[in-house]
Amino acid sequence: MLAAHPTRTAPLLLGAHLTSDLGPTVTIRITEVEAYGGLGEDPGSHAHRRRTDRNRAMFGPVGHAYVYFTYGMHWCLNVVCHEPGVAGAVLIRAGAVVHGTSTAQGRRPSARSDRDLARGPARLAAALGVTGELDGIDLLDPDGPVRLSLAAPGHDGRDTRAGPRPDGGLGTGPRTGVSGAGAATPWRFWVAGDPTVSPHRRAAPGRRGPG
DNA sequence: GATGCGATTCACT
DNA sequence: GTGAATCGCATCG
């Protein structure tokens, strides 16, 4: 399933569960993702230009983790998924903590509410305790420290299997900054109406300094 | 060898 | 709702 184009895999990750056993078990339900393509097709992707030592995981086996450090302080977690021979990954942008809430709260003391525990890529990684040490690990390994469950446990009695809920609705949108043929491709996917989905951000990151 | 930008979050008003 | 802080990576010469 993961051996397909990221834009095809991304919506399938919505509703999937991520479980971390790095400390006390924490499980989150994925509510927002963003696909990143390979060479030449996605200017926003780390793999747009070439393979480097940093993004090598995006060229590796599908189902593995790609963890990167950004803005000098934040870790972000991606799931590697791509067609054979093409780099690609899906960034996990937001999720809802469904198990281990107290542990997540301990890792995110600044979160004002449980809703904010994993709302945002870096927050989600922090809530799970994910760091760069996990770059390249197999998320499908049943014995791994962090696992991706496409078929959710469903301990709450609901049908939480992977994939968008027909009634909940699937939100999609093109990512700003992508031009050409890629502009028509929806790179972002989220569960419509879910409170943990981060609000749309302004396209332009603010300038720095008094200038 | 040096410079610019980035898939963000937090604190304050 | 808006502005500021932060480190590493990739690119250019």
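Exactly one residue among A:THR19, A:THR27, A:THR31, A:THR52 is over 20 Å from A:ALA94 (Cα atoms) and hydroxyl-bearing (Ser, Thr, Tyr), and that residue is A:THR52.
Only residues that are buried (at least 21 other Cβ atoms within 10 Å of the Cβ) and out of contact with any helix residue (DSSP H, G or I) (no Cβ under 7 Å at 6 or more places or on another chain) were counted in region A:124-146, giving 6.
Go over the candidates A:LEU77, A:LEU91, A:LEU2 one by one and state the one that is in contact with a Cys (Cβ under 7 Å, 6 or more places away or on another chain) and within 13 Å of DNA strand B (Cβ to nearest atom). Matching residue, one of A:LEU77, A:LEU91, A:LEU2: A:LEU91. Between A:ASP53, A:ASP42, A:ASP116, the distinction of being surrounded by 14 or more Cβ atoms within 10 Å (Cβ to Cβ), modelled with pLDDT under 90 and within 16 Å of DNA strand C (Cβ to nearest atom) belongs to A:ASP42 only.
Looking at region A:124-137, which of the residues that are within 14 Å of DNA strand C (Cβ to nearest atom) and not small (Gly, Ala, Ser) is farthest from A:VAL197 (Cα to Cα)?
A:GLU133
No other residue among A:THR103, A:THR52, A:THR7, A:THR31 is touching a residue at least 12 places away in the same chain (Cβ under 8 Å), of a type in the set (Val, Ile, Thr) and closer than 22 Å to A:GLY132 by Cβ apart from A:THR103.
When region A:1-21 is filtered for residues that are touching a helix residue (DSSP H, G or I) at 6+ places or on another chain (Cβ under 7 Å) and surrounded by 15 or more Cβ atoms within 10 Å (Cβ to Cβ), the ones remaining, listed by number, are A:LEU2, A:LEU18, A:SER20. Being over 14 Å from A:PRO121 (Cα atoms) and within 10 Å of DNA strand B (Cβ to nearest atom) holds for only one residue in A:ASP42, A:ASP53, and it is A:ASP42.
Considering region A:22-31, and only residues there that are touching a His at 6+ places or on another chain (Cβ under 7 Å) and of a type in the set (S, T, N, Q), the residue that is surrounded by the fewest Cβ atoms within 10 Å (Cβ to Cβ) turns out to be A:THR25.
The values are calculated or read from the model by the stated rules, or taken from the named source; none is laboratory data. Here the structure is a predicted model, which means the values were calculated and not measured. When we count neighbours, we look across all protein chains shown, and the Cβ atoms used for this are built from the backbone with ideal geometry, even at glycine.
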